[in-house]
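The values are calculated or read from the model by the stated rules, or taken from the named source; none is laboratory data. All of these numbers come straight from a predicted model, not from anything done at the bench. So basically every Cβ, Gly included, is an ideal-geometry build from the backbone, and we count neighbours across all protein chains shown. Side chains are part of the model used for accessible areas, which takes the heavy atoms of the whole protein and leaves out ligands, DNA and RNA. Shrake-Rupley method; radii C 1.70, N 1.55, O 1.52, S 1.80 Å.
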Amino acid sequence: YHPIAYLFALVLTTACGSGKFYDGPVGTLDSTNAASVKSQLATSATVSFTKPGEVAAPARASYPSACYTKSPDPEVDADGDGIGLATTFTFDCADTASGGSTYTMKGSFKGTDKNDTMGSNHDGGWRFDIDYNFTLATSRASGGSYTLKGFFDLTKSATTYVYQSDFQSQFSGSSSPDRATYSLTTGSTWNHTITPDDMAAPKEKGSITFGGFWGYKISVTARADANQELVLQGSSEGLKYDAACSNFYKEGTITFKAASGTLTMTYGCDAATVVKLDGTTI
């Protein structure tokens, strides 16, 4: 059995079956942190669990040049890794016409290379701060709004790679004035620390510690059956990796919790992964 398949099965069961958002000291989630995510509500970029030291920087999007300014321009990127030393894109265009529709774009995207001499973005470290809103209105009086806010950060020390994020997004809209409106809000907070046995060969052996929460909420007017809310917690315990192992993970456990249940995956270097749902092997 593939452990990720069970993770998605658990998420879908919680989201589509119970339709219940974690909202208090019940179930299996940590109330303090889960409440924090509920207030933040966002989705972070997924961290690679299989390539230590190679957490990818978020990809840049393309925007109409008339809607943003770039500072400095050209940006300073001494090591050529695609991340400027300190580059800010500022978005500022209101009621801009485009093919029968109008859109408004506001906000900023700031990228920072923490060491612009390394020639590799995961070795130098980086940070991205996003505060962005896009609103669209069509000629049929339909439209929507999309908001992104938060940060992604990768820091390399003498002994570790530490990835952190705190991010939220919201999408809302309607197809026409007389139809249902809808919204999707997501949120997350995440910490992922990789400690290689040898920083000169970070992908070979080491340990990984991670923990965080993801939350989402779907709301549709006049469709109570479509409304869904969920918080999912992920964590690791005693997790070590070894590139020589067929499982990549040498030992340790990964746990995912939702209000509807707990999924654990316990690894051995070349042994079959033991997957349990609420303590029962599956």
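Based on Cα contacts under 8 Å between residues 6+ apart, segment 211-278 shows a relative contact order of 22 percent.
The relative contact order of segment 151-282 comes to 15 percent, based on Cα pairs under 8 Å that sit 6 or more residues apart. Packing around the peptides 255-264, 158-167, taken as the average count of other Cβ atoms within 10 Å per residue, puts them in this order, highest first: 255-264, 158-167. For segment 74-219, the square roots of the Cα gyration tensor eigenvalues, ordered a ≥ b ≥ c, give a/c of at least 1.5 with a/b no greater than b/c, which places it in the oblate category. Over 19 Å apart at the Cα level, from the set 114/240; 156/203; 70/156; 203/250, are 114/240; 70/156. Phi-derived couplings, Karplus 6.51 cos²θ - 1.76 cosθ + 1.60 at θ = phi - 60°, listed residue by residue for segment 144-150: x, 9, 9, 10, 10, 7, x Hz, with x used for Gly and Pro.
Taking 0.36 nm per residue of separation and subtracting the Cα-Cα distance, full extension of the segment from residue 197 to residue 71 would add 41.4 nm. Applying a threshold of 20 Å to the alpha-carbon distances of 217/257; 205/257; 106/217 flags 205/257; 106/217 as lying beyond it. For segment 239-252, 3J(HN,Hα) computed residue by residue from phi via the Karplus equation (6.51, -1.76, 1.60; θ = phi - 60°) reads 7, 10, 10, 8, 4, 7, 7, 5, 8, 6, 7, 7, 6, x Hz, glycine and proline entered as x. Between amide H atoms placed 1.01 Å from N, distances below 5 Å from residue 85 occur with 76, 77, 78, 113, all of them 5 or more places distant or on a separate chain.
The mean accessible area for residues of segment 179-275, using a 1.4 Å probe and ignoring ligands and nucleic acids, is 45 Å² per residue. Computed from the C-beta positions of residue 157 and residue 85, the FRET efficiency with R₀ = 22 Å rounds to 0.65. Here the Karplus relation 6.51 cos²θ - 1.76 cosθ + 1.60, evaluated at θ = phi - 60°, turns the backbone of segment 97-104 into coupling constants of 6, 7, x, x, 10, 10, 9, 10 Hz, with x for every Gly and Pro.
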